[in-house]
Amino acid sequence: MAINTEPVFLNLGPVHPSTHGVFRMRALVDGEVITDIEPVFGYLHRGIEKLAESKSYRQFLPLTDRLDYVSSMNNNMAYVMAVEKLAGIEVPPRAEYIRVIMAELQRIIAHLLAIGSFFNDMGTFFTPFFYMFIQKEKITDLFEMVCGQRLLYNYMRFGGLSHDLPPEFIPALNRFLEEMPSEIKKYERLLAENEIVLARSKNVGVLPREMAINASAAGPVLRASGVKWDIRKDDPYSVYDRFEFDVPTGASGDCYDRYRVRLEELTQSLEIIRQAVAGLPKGKVLNPVPLRLRPPAGEVYSHIEGNKGELGFHVISDGSDKPYRIHVRAPSFINLTALRNMLIGWKLADAIIIFGSIDICLGEVDR
Amino acid sequence: MTVGLDYNRIIDVLPEDLASGAVAFEAHGLVIQPEVLTGIAAFLKTEPGLELDYLCSITGVDCTEYFEVDYLLYSLKLNHRFTLKVRLADRSEPVIPSLTGLWLGAELQEREIYDLLGITFSGHPEMKRIFLWEGFSGHPLRKDYGHGH
Amino acid sequence: MEIGSGMNSRDLDLHEGHVIEDLRNSAVAGLPEPSGWLTEEIERNIITTTVDKFLNWGRKTSLWTETSFTACCTFEFISTSSSRFDIARFGMEVLRSSPRHADLMITAGTLTWKMAPQIKRVYEQMAEPKWVIAMGACGISGGIFADSYSVVPGYNRILPVDVYIPGCPPRPEALLAGIELLRKKIEKRSIAKGS
């Protein structure tokens with residue numbers, strides 16, 4: 001006896017506990033299997049690129065924090081580097097090393113949150129997330145020691161940084177560096193060989209290598225699909241060429257590989273921070289720059305390896321003190337290009353995990 | 001270190017019919033006519049020695065007299081990059097061919113430029129607004145977009 | 001994409017666009033704070049006061065928050081609900097995704113006009129009594145994005161807000177101070193006047 005079925009139209013979001021923010025997916029579901037999906041963007045579109053045209057370069061700096069709000073130091077760094085390249089501003093060496101330390105600490109926070117919410121989506125309901133949150137709070141304390149803010153730091157300036165490190169920062173950082181490796185081992189021991197994690201994420205949501213390159217994926221998503229491309233190694237910026245570290249890649253591009261790449265990048269970030277602290281030069285942290293910065297007319301594209309991928313700022317100047325156009329190359333937004341291909345054919349429960357493993361931040365997707 | 005390719009090298013190897021569409025070289029990018037965009041992009045993607053197979057980003061700019069769309073291409077294997085710029089003089093109905101046939105990564109970025117600047121990409125599978133809602137009047141990133149909207 | 005009953009996703013886009021434009025055109029001034037019960041405080045009698053006190057104690061010590069968070073302030077809320085700042089000592093560790101189960105909406109993040117009808121719908125689905133805390137500068141006035149073309153200048157354009165917490169983002173201690181203000185406000189409610 002043949003049963004008559006037809007697909008059901010379902011809405012996932014924008015108010016949803018597992019969409020990592022206000023993201024919506026219109027799904028056509030046949031039973032439990034997704035047959036078609038259409039992502040809907042724009043629920044957090046705040047018009048940051050348009051606001052840039054009415055603010056000066058310095059006034060735009062706090063707005064960059066609010067792009068990817070879990071990686072504020074990285075966003076600051078990308079923007080500040082773009083304007084420095086445009087205006088020809090030099091940065092003192094001590095500031096460069098401190099920028100690298102802050103960027104890598106920020107990468108650790110962002111990856112901890114990404115891995116924690118990945119396990120949330122899988123159903124572990126906050127236990128691993130709050131274990132990782134303990135370490136995140138320790139890093140937040142370090143940031144608060146330096147610049148007074150807990151989430152949106154606005155720490156970097158054109159020509160350096162806003163504050164130098166207080167004397168208690170390096171001892172506290174060293175204490176953190178000593179205890180973090182054992183914490184990473186704890187996450188690995190408890191979760192990496194867990195059979196539920198393996199069953200729900202191995203061979204699920206595979207992004208093949210060719211499609212990853214064709215869909216302009218970047219960051220851990222690209223590296224998990226087997227492409228060894230990391231801007232810190234392939235197009236080094238700041239002082240990254242002085243440090244030795246590995247670039248972990250995955251083999252198959254499934255959710256498990258994306259999780260493993262992020263986990264291993266935690267260890268590499270700790271290694272970079274150790275080397276930076278060991279080689280930290282003395283001196284000033286800020287070169288004087290005019291308050292109303294007027295870069296010469298021209299354009300520049302400057303990129304960094306943000307924690308979600310290649311974060312780039314395309315800054316076009318017309319010689320005045322306000323930018324003519326700022327375009328943000330947002331990794332989370334472009335990583336979502338392949339979402340439809342990755343989700344079709346999987347069940348709804350898998351869809352949440354696949355979507356979570358791409359690790360997006362809505363502030364950057366919608367800008 | 002990612003090397004920016006010298007545009008002379010590109011012009012030398014381009015086939016005759018595509019090279020005629022190259023207009024100028026400005027600000028590290030090769031300015032081309034919209035008609036040869038798909039041809040040149042396909043050539044740059046597959047030509048051995050160039051292999052610019054990664055579309056990094058598409059930027060749309062409103063340069064008051066004309067619109068400009070910048071394409072930043074990378075080669076992950078050979079570690080070099082190149083920029084293509086297309087200028088559209090028609091401000092009332094700007095149209096440019098879509099690159100979604102070559103790169104899946106162009107899909108969302110072209111929708112964003114349509115939404116915020118009003119440039120239509122012909123051949124795009126789903127040319128509709130992405131961030132703003134249907135019924136929003138105007139294209140905000142245009143320089144003549146007033147705050148009265 | 002066909003979504004059934006002959007509609008496709010384009011029709012859905014057009015319909016939603018109309019809803020957003022209607023809301024935007026109608027929400028031109030801030031809604032007043034819900035405080036009609038303040039004048040009634042004077043007219044209470046002794047019997048309802050004891051019942052009131054008991055009900056208000058129950059309500060203020062177990063506020064369940066609706067998880068309709070939009071942007072950055074979410075992470076300060078998550079920090080507050082973790083063990084360091086511990087929102088559980090106020091009975092608020094329960095977060096409910098379904099608005100039918102929740103009685104507090106904390107507006108953690110910027111509101112855009114595209115999202116506004118959805119937040120309004122979620123608020124209307126919450127059962128009485130319900131409260132709203134506007135968290136952060138974006139919740140109070142649109143914050144740093146106030147003059148953008150797509151941002152609602154403050155949640156009180158579409159919802160009646162009880163407590164405002166400034167900050168960008170507010171520290172967890174500030175959020176806890178705001179919650180304490182809300183608890184004091186809840187203490188003063190009276191059932192005699194149907195509130």
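The values are calculated or read from the model by the stated rules, or taken from the named source; none is laboratory data. Only a predicted model underlies this, so the values are computations on that prediction, with no experimental measurement involved. Methodologically, a virtual Cβ is constructed for each residue, glycine included, from the backbone with ideal geometry; neighbour enumeration extends over all protein chains shown.
Within the stretch B:112-127, the residues that satisfy the criterion of being more than 9 Å from chain A (Cβ to nearest Cβ) and either within 18 Å of A:Gly47 (Cα to Cα) or hydrophobic (A, V, I, L, M, F, W, C) (or both) are B:Ile113, B:Tyr114, B:Leu117, B:Gly118, B:Ile119, B:Phe121, B:Met127.
In the stretch A:351-365, of all residues being under 17 Å from A:Arg329 (Cβ atoms) and among the β-branched types (Val, Ile, Thr), the one that is surrounded by the most Cβ atoms within 10 Å (Cβ to Cβ) corresponds to A:Val365.
I'm trying to understand the selection: among the residues of the stretch B:53-86, which are over 20 Å from B:Glu35 (Cα atoms) and of a type in the set (Lys, Arg)? Answer for the stretch B:53-86, where residues must be over 20 Å from B:Glu35 (Cα atoms) and of a type in the set (Lys, Arg): B:Lys77, B:Arg81.
Taking the stretch C:147-160 as the range and being under 19 Å from C:Cys72 (Cβ atoms) and of a type in the set (A, V, I, L, M, F, W, C) as the test, the residues that pass are C:Val151, C:Val152.
Yes or no, residue by residue, for (1) within 13 Å of chain C (Cβ to nearest Cβ); (2) modelled with pLDDT under 90:
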| site | (1), (2) |
| --- | --- |
| A:Ile98 | no, no |
| A:Leu105 | no, no |
| A:Phe125 | yes, yes |
| A:Lys138 | yes, no |
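Just checking, does the stretch A:79-89 include any residue being within 30 Å of C:Ile78 (Cα to Cα), within 16 Å of the chain's Cα centre (by Cα) and in a helix (DSSP H, G or I)? Yes, some residue in the stretch A:79-89 is within 30 Å of C:Ile78 (Cα to Cα), within 16 Å of the chain's Cα centre (by Cα) and in a helix (DSSP H, G or I).
Got a sec? Which of A:Gly283, A:Gly250 is without any contact (Cβ under 8 Å) to a residue 40 or more places away in the chain and outside any helix (DSSP H, G or I)? So that I can check it myself, show each step before the final result.
Numbers: A:Gly283 fails: without any contact (Cβ under 8 Å) to a residue 40 or more places away in the chain.
Just one listed residue meets the conditions, A:Gly250.
Tallying residues that are outside any loop (DSSP other than H, G, I, E, B) and away from chain B (no Cβ under 13 Å) within the stretch A:47-77 yields 15.
Among the candidates B:Leu18, B:Leu55, B:Leu30, B:Leu37, the residue that is away from chain A (no Cβ under 14 Å) and in a strand (DSSP E or B) is uniquely B:Leu30. Residues that are farther than 14 Å from A:Glu364 by Cβ and either in contact with a strand residue (DSSP E or B) (Cβ under 6 Å, 6 or more places away or on another chain) or buried (at least 24 other Cβ atoms within 10 Å of the Cβ) (or both) do not occur anywhere in the stretch A:59-71.
Yes or no, residue by residue, for (1) more than 8 Å from chain B (Cβ to nearest Cβ); (2) part of a loop (DSSP other than H, G, I, E, B):
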{"residue": "A:Arg294", "(1), (2)": "yes, yes"}
{"residue": "A:Ser302", "(1), (2)": "yes, no"}
{"residue": "A:Glu310", "(1), (2)": "no, no"}
{"residue": "A:Ile316", "(1), (2)": "no, no"}
{"residue": "A:Asp321", "(1), (2)": "yes, yes"}
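Residues in the stretch B:88-120 that are outside any helix (DSSP H, G or I), more than 19 Å from B:Val23 (Cβ to Cβ) and without any contact (Cβ under 8 Å) to a residue 40 or more places away in the chain: 7 in all.
Just a yes or no: is a residue in the stretch C:98-117 assigned to a helix (DSSP H, G or I), of a type in the set (S, T, N, Q) and closer than 22 Å to A:Arg24 by Cα? Walk me through how you get there before you give the answer.
Pass one, the stretch C:98-117, residues assigned to a helix (DSSP H, G or I): C:99-101, C:116-117.
Those left that are additionally of a type in the set (S, T, N, Q): none.
No; the residues of the stretch C:98-117 include none that is assigned to a helix (DSSP H, G or I), of a type in the set (S, T, N, Q) and closer than 22 Å to A:Arg24 by Cα.
The criterion of being in a loop (DSSP other than H, G, I, E, B), of a type in the set (A, V, I, L, M) and within 10 Å of another protein chain (Cβ to nearest Cβ) holds for A:Leu44. Among the residues making up the stretch C:146-189, a single one is touching a Leu at 6+ places or on another chain (Cβ under 8 Å), in a helix (DSSP H, G or I) and within 13 Å of C:Gly136 (Cβ to Cβ): C:Tyr155. Restricting the stretch B:71-102 to residues that are under 12 Å from the mean Cα position of the chain (by Cα) and under 22 Å from A:Arg223 (Cα atoms), the residue that is nearest to the other protein chains (Cβ to nearest Cβ) is B:Leu72.
One line per residue, one yes/no per condition, for (1) more than 29 Å from A:Asp350 (Cβ to Cβ); (2) out of contact with any His (no Cβ under 9 Å at 6 or more places or on another chain):
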position	(1), (2)
A:Ser117	no, no
A:Phe126	no, yes
A:Ile134	yes, yes
A:Asp141	yes, yes
A:Pro171	yes, yes
A:Glu179	yes, yes
A:Lys185	no, yes
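Return a yes/no flag: does the stretch A:13-31 have any residue that is in a loop (DSSP other than H, G, I, E, B), in contact with a Leu (Cβ under 8 Å, 6 or more places away or on another chain) and within 30 Å of A:Gly279 (Cβ to Cβ). No - not one qualifying residue is present in the stretch A:13-31. Based on what the data block shows, is B:Pro48 surrounded by fewer than 22 Cβ atoms within 10 Å (Cβ to Cβ) and either at pLDDT 90 or above or touching an Asp or Glu at 6+ places or on another chain (Cβ under 6 Å) (or both)? Spelling it out, it is not the case that B:Pro48 is surrounded by fewer than 22 Cβ atoms within 10 Å (Cβ to Cβ) and either at pLDDT 90 or above or touching an Asp or Glu at 6+ places or on another chain (Cβ under 6 Å) (or both). Residues in the stretch C:54-83 that are more than 12 Å from C:Asp103 (Cα to Cα) and of a type in the set (A, V, I, L, M): C:Leu55, C:Ala71, C:Ile78. Residue count for the stretch A:323-359 satisfying the condition of being over 19 Å from B:Thr59 (Cα atoms), touching a Lys or Arg at 6+ places or on another chain (Cβ under 7 Å) and not acidic (Asp, Glu): 2. In the stretch B:59-70, the residue that is farthest from B:Glu107 (Cα to Cα) out of those that are buried (at least 20 other Cβ atoms within 10 Å of the Cβ) and at the interface with another protein chain (Cβ under 9 Å from one of its Cβ atoms) is B:Asp62. Applying the set (1) modelled with pLDDT under 90; (2) of a type in the set (A, V, I, L, M, F, W, C); (3) within 27 Å of A:Arg232 (Cβ to Cβ) to A:Met73 leaves exactly one unmet item: (1). Residue count for the stretch A:313-337, restricted to those that are small (Gly, Ala, Ser) and surrounded by 24 or more Cβ atoms within 10 Å (Cβ to Cβ): 2.
Filter the helices (runs of 4 or more DSSP H) completely within the stretch A:91-204 down to those with at least 2 residues that are crowded, with 16+ Cβ neighbours inside 10 Å and aliphatic (A, V, I, L, M). Can you show your working first?
Details: elements: A:93-119, A:127-147, A:169-187, A:195-201.
Qualifying helices (runs of 4 or more DSSP H): A:93-119, A:127-147, A:169-187.
Look at (1) over 17 Å from the mean Cα position of the chain (by Cα); (2) surrounded by fewer than 21 Cβ atoms within 10 Å (Cβ to Cβ) and you find that A:Pro248 fails only one, number (1).
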